[in-house]
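Before any comments, here is the structure.
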Amino acid sequence: MSYIEEHDIDNLESGRLTFDFKGYLFKVLNLWKFVLLCVAMALLIAYFINVRKQNVYKLDSLIAVENDQNPFFTANTSISFNWGGVSGKVGKIITAIKTRSHNEKVVDSLQFYMEYLVQGKYRKEDIYKKAPFDFIIDKSKPQGLGVPIGIRFLNDSQFEVFTNFEEPSIRAQRYDDKSIFRISVQTNTFTKTFSDGQIIDLPFLNGKLTIKASENIKPGSEYYINFKSFDAIVDGYKQRMVIGPFSSDASSILRMQLAGNNKAKIVDYLNATSAILSRSELERKNLYATNTIRFIDSSLAAVNVELRDVTDEMNDFRKENKIINVSDEMTQISSQLRDYDIIKEREELKLNYLNNLETYLNTKTDYTNIAAPTSVGIEEGNILNSVSKIITLAAERQNLEYTTKEGSVIFKDLDNKINSEKNVLLETIDATKKSIRIQLSTVKKNIANLEAKLSGLPEDQQQFLKIQRKLDISQEAYDIYLAKRSEAAIVKAANISDITVIDEAKDIGGGRIGPNKSLNYMMALMMGFFIPMFLIFVIFLLDNTIHGSDEVEQLSKIPILGLIGKYNYKNNLIVFEKPKSAVSESFRAIRSSLQFIYKKQGKTEGRTLMITSSVSGEGKTFCSINIATVYALSGKKTILLGLDLRKPKIFGDFNIENDLGVVNYLIDENTFDEVKYSTHIENLDIVPSGPVPPNPSELLMSDKMKDLMANLRKNYDMIVLDTPPLGLVTDALELTQYADATIFMIRLDYTKKGMLSLINAKYRTGEVKNISFVLNFYKHKTNHNYGYGYGYGYGYGYGYGVYGNAYHEKDRKSIWKRLKRMFNRA
């Protein structure tokens, strides 16, 4: 694993772990094209997102919540209306704007469930008021949902409705009752021609299309009408609407904000919200006055009937009787009786109002329809305050029913307040009724005394005075009610809403909040850079192969004898057939390095060189053949022994068969001369492995093998042993006793780092001696001093070019092969 690297043998034993940051950095530098490609692709994706994504705008408006006093309401006004204050009203307004009922009114008034669309570059664009026509919806009939219905104008007065249904039924909605159901439609393409103003009666479209007079429509131009679910649109606006105090210093001033794709729609929605909210608040504020006027109207109607009846009665009496002259004294008594009758009438009216109010409070739960007590002349302060509080609490509870679940703590608290105030009011009513009854009893006694004085008059005069009193009382009551009704109407008409628009929504340019193109490009730049960096890090983290010479130096104390570049050739005889190549020069350098090892040993007999590796495929046979060749070409009598008895390879390059070999000699089947072959290379003999035996290890451990090696040392200057992989089988360990020097092949980008721990252990215990590493498939960068083998190199190949490329033209590779090669290197 690449991030676990032991600096030396001591570190291998102690288990100290380090991260090869330098290696990671060079890995990134080596894949800079990949990083640059990822950054470019990320920026390209960000560009397409920016150009395709719809702009998002946010606009706002300001409203003030105040307690505006009616200009006609003064201390002298006989009808008292308690309008309430600002306290708590701001919270109610904020709650009301977020309710579904309020947003339903706004959406319904603007008909935002219907869209006018035109085909844009990337999508159908909402043109809203810019459409050259208006579609008047028939709300009593269904409109197809979610399917844009095309309108193609044929001329100035005719158009064609077209659409294409893929399914035999679609969802539809009637906007009068908001019901949704499925309707059957004609599949495939549908077209039908209509005239301007003609009623459109289709299963999926019902209404009338009128062309705007000021518009000049080009024939063939196409538009679309799209209907959406009413509830979905309401919910969308409800979620997007933001309202809160404008500042901490001005808590009664609220800012409404709304975001969307069409600024004209945002402006209309905010302004419609303010208008509907103001109207609703005024209706709530006028509720008390409206109830009072309704009560006075009903009472006025009754008094009017009574007045008409009494007038008719007086007229009939005058017709039947002569004009009657009554004395001044009797007239004065009659006037007093009339005054007492008026007092009696008023008190009975109050008593009747209180009885009705008591019955209403005990039998009803909706207390918003109570008329003002002052409408019947009740001026008791406790009654006025209690009725006003009950109506205010009841209206507040009614508003909360849209946003709060029944049974919540808020409702319980309001109900407790209403019940408490109602109990106080009922006690006050009872006490007031007792006081009124006492007053009525006194008035009735006075009336009886005065009527006794009139009893001495003739009957016709008594009848006249009685009718006259009734007429005067009815007229007085009528005048009082009419005055109070006019007064209440004036107060209501002059009343203004507590909600005032300070700054209405308006499109003055700007307002765009998205998409944040700069942020998108910045995010793309960061992701385009860090994602490939992370991928490279993961690859580097999981990569456990050896890529360069310094990695070998970190993982082992065993010295590096030489480097062999990658060379694409038809066979393994590169040194013989391409003697001027850089690879051939590399093998000559290895030969020179081996001479230092052999000189230190001071032996006079033939020298042996064992070549092994960790696994198959690392270039062991390739190295064996070419090292044997360089020695033979230098005049040394050389023999190459194929001791990889399990997987023999060396015979193919010399055009010989593997029928006879070392195995046949070791089992005494053939003599050594019979299994030895002279090659076309001067001074080079070869002994192939022969047929694969069932017991290769035992054959290599036999005395026959010892005798063979002893004889070869006497007859040859150089004996090269091509052995099995050390990491797979133990055969190579059996042959180390015959090796004066050992080469362990490491193929870059192939050999696993863990394999070096095996050879390190055997080197540390002395099982292998005079061992050196040779790095195969070495690649050197021509333009930078990094890459595989960064920071390390030998000066081989003077005048021959880069390793593996001397005297050869560069291969022309496709882009796909280059990318594949780049990822393989990663």
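The values are calculated or read from the model by the stated rules, or taken from the named source; none is laboratory data. Note that this is a predicted model, so its numbers are computed, not measured. So basically every Cβ, Gly included, is an ideal-geometry build from the backbone, and we count neighbours across all protein chains shown. The accessibility values were calculated without ligands, DNA or RNA, using every heavy atom of the protein model including side chains. Shrake-Rupley method; radii C 1.70, N 1.55, O 1.52, S 1.80 Å.
Listed here are the residues, each with its yes/no results for (1) open to solvent by 60 Å² or more (accessible area, probe 1.4 Å); (2) at pLDDT below 90; (3) within 24 Å of L726 (Cβ to Cβ).
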{"site": "N568", "(1), (2), (3)": "yes, yes, no"}
{"site": "N572", "(1), (2), (3)": "no, yes, yes"}
{"site": "E577", "(1), (2), (3)": "yes, yes, no"}
{"site": "K600", "(1), (2), (3)": "yes, yes, yes"}
{"site": "G606", "(1), (2), (3)": "no, yes, yes"}
{"site": "I611", "(1), (2), (3)": "no, no, yes"}
{"site": "S614", "(1), (2), (3)": "no, yes, yes"}
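Would you confirm, using the coordinates I've provided, whether K762 is among the basic types (K, R), outside any loop (DSSP other than H, G, I, E, B) and closer than 30 Å to E669 by Cβ?
So K762 fails the test.
Checking the structure you have, find out if any residue of region 264-287 is touching a strand residue (DSSP E or B) at 6+ places or on another chain (Cβ under 6 Å), open to solvent by less than 30 Å² (accessible area, probe 1.4 Å), in a loop (DSSP other than H, G, I, E, B) and within 19 Å of D126 (Cβ to Cβ).
No, region 264-287 contains no residue that is touching a strand residue (DSSP E or B) at 6+ places or on another chain (Cβ under 6 Å), open to solvent by less than 30 Å² (accessible area, probe 1.4 Å), in a loop (DSSP other than H, G, I, E, B) and within 19 Å of D126 (Cβ to Cβ).
(1) free of Cβ contacts under 8 Å to residues at least 40 places away in the same chain; (2) hydroxyl-bearing (S, T, Y); (3) under 15 Å from V768 (Cα atoms): which one isn't true of Y738, the others all being true?
That leaves (1) as the condition not met.
Name the one entry in I418, I410, I391, I383 that is modelled with pLDDT of 75 or more, surrounded by fewer than 17 Cβ atoms within 10 Å (Cβ to Cβ), among the aliphatic types (A, V, I, L, M) and closer than 24 Å to R284 by Cβ.
On inspection, the qualifying residue turns out to be I410.
Filter region 200-214 for residues that are open to solvent by less than 50 Å² (accessible area, probe 1.4 Å) and part of a strand (DSSP E or B); which is farthest from Q143 (Cα to Cα)?
Across region 200-214, the extreme among qualifying residues is I211.
Could you grab me the full set of residues in region 127-152 that are surrounded by 18 or more Cβ atoms within 10 Å (Cβ to Cβ) and over 18 Å from D201 (Cα atoms)?
Correct list: A131 only.
How about region 581-605: which of its residues are small (G, A, S), touching a residue at least 40 places away in the same chain (Cβ under 8 Å) and not in a helix (DSSP H, G or I)?
Residue satisfying the conditions is S581 alone.
Which condition number does A761 fail, the rest of (1) in contact with a strand residue (DSSP E or B) (Cβ under 6 Å, 6 or more places away or on another chain); (2) open to solvent by 10 Å² or more (accessible area, probe 1.4 Å) being met?
(1)
So in region 215-261, with the set limited to residues that are more than 24 Å from K124 (Cα to Cα) and of a type in the set (G, A, S), which one is surrounded by the most Cβ atoms within 10 Å (Cβ to Cβ)?
S252
Within region 731-746, identify whether any single residue is at pLDDT 85 or above, open to solvent by 10 Å² or more (accessible area, probe 1.4 Å) and in contact with a strand residue (DSSP E or B) (Cβ under 6 Å, 6 or more places away or on another chain), and answer yes or no.
yes
Just to be sure before I move on: is N626 touching a residue at least 12 places away in the same chain (Cβ under 8 Å), in contact with a strand residue (DSSP E or B) (Cβ under 9 Å, 6 or more places away or on another chain) and outside any helix (DSSP H, G or I) in the structure I sent?
No; evaluated as a whole, the condition is false for this residue.
Of the numbered conditions (1) surrounded by fewer than 17 Cβ atoms within 10 Å (Cβ to Cβ); (2) modelled with pLDDT under 90; (3) on the phi < 0 side of the Ramachandran plot, G801 fails exactly one; give the number of that condition.
(3)
Does at least one position in region 156-168 carry a residue that is surrounded by 16 or more Cβ atoms within 10 Å (Cβ to Cβ) and free of Cβ contacts under 8 Å to residues at least 12 places away in the same chain?
no
Only one of (1) open to solvent by 60 Å² or more (accessible area, probe 1.4 Å); (2) part of a helix (DSSP H, G or I) fails for K121. Which number is that?
The one condition K121 does not meet is (2).
Going through N164, N226 one at a time, which residue ends up being more than 16 Å from P132 (Cβ to Cβ), in a strand (DSSP E or B) and at pLDDT below 95?
N164
Taking the criterion of being modelled with pLDDT under 90, touching a Gly at 6+ places or on another chain (Cβ under 8 Å) and polar (S, T, N, Q), would at least one residue in region 654-665 satisfy it?
Yes, region 654-665 contains a residue that is modelled with pLDDT under 90, touching a Gly at 6+ places or on another chain (Cβ under 8 Å) and polar (S, T, N, Q).
Against the definition (closer than 30 Å to Y269 by Cβ and over 36 Å from the mean Cα position of the chain (by Cα)), how does F204 come out, yes or no?
No; evaluated as a whole, the condition is false for this residue.
Please name all residue pairs, on different chains or six or more residues apart, with Cβ atoms under 9 Å, provided the first residue is in region 198-213 and is within 22 Å of K130 (Cα to Cα) and without any contact (Cβ under 8 Å) to a residue 60 or more places away in the chain and the second residue is open to solvent by 50 Å² or more (accessible area, probe 1.4 Å) and small (G, A, S).
Listed by first residue and then by second, the contacts come to nothing, as the list is empty.
Here are V310, V305: which of them is open to solvent by less than 50 Å² (accessible area, probe 1.4 Å) and either modelled with pLDDT under 80 or over 28 Å from S435 (Cα atoms) (or both)?
Every option except V310 fails the conditions.
Looking at region 332-366, which of the residues that are more than 30 Å from T428 (Cβ to Cβ) and open to solvent by less than 70 Å² (accessible area, probe 1.4 Å) is modelled with the highest pLDDT?
S335
Among the numbered criteria (1) closer than 30 Å to L254 by Cα; (2) at pLDDT 75 or above, which single criterion is violated by A494?
A494 satisfies every listed condition except (2).
Can you name every residue in region 502-536 that is open to solvent by 70 Å² or more (accessible area, probe 1.4 Å) and either of a type in the set (G, A, S) or within 30 Å of L270 (Cα to Cα) (or both)?
I502, D503, E504, K506, D507, I508, R512, I513, N516, K517, S518, L519 - these are the residues of region 502-536 that are open to solvent by 70 Å² or more (accessible area, probe 1.4 Å) and either of a type in the set (G, A, S) or within 30 Å of L270 (Cα to Cα) (or both).
State yes or no: is I656 closer than 30 Å to N760 by Cα and in contact with a Phe, Trp or Tyr (Cβ under 7 Å, 6 or more places away or on another chain)?
no
Just to be sure I understand the filter: pairs with C-beta atoms under 6 Å, separated by 6 or more residues or on different chains, first member in region 176-193 and farther than 26 Å from F153 by Cα, second member of a type in the set (A, V, I, L, M, F, W, C) and part of a strand (DSSP E or B). Which pairs pass?
I183/A172
Identify, from the list F651, F622, the residue that is open to solvent by 50 Å² or more (accessible area, probe 1.4 Å) and aromatic (F, W, Y).
Being open to solvent by 50 Å² or more (accessible area, probe 1.4 Å) and aromatic (F, W, Y) holds for just one of F651, F622, which is F651.
Among the residues of region 59-66, is any at pLDDT below 75, closer than 30 Å to I370 by Cβ and open to solvent by less than 30 Å² (accessible area, probe 1.4 Å)?
no
Scan region 420-434 and report the pairs whose first residue is over 23 Å from R346 (Cβ atoms) and whose second residue is among the basic types (K, R) and surrounded by 15 or more Cβ atoms within 10 Å (Cβ to Cβ), with Cβ atoms within less than 8 Å and a gap of 6+ or a chain change.
E421/K389
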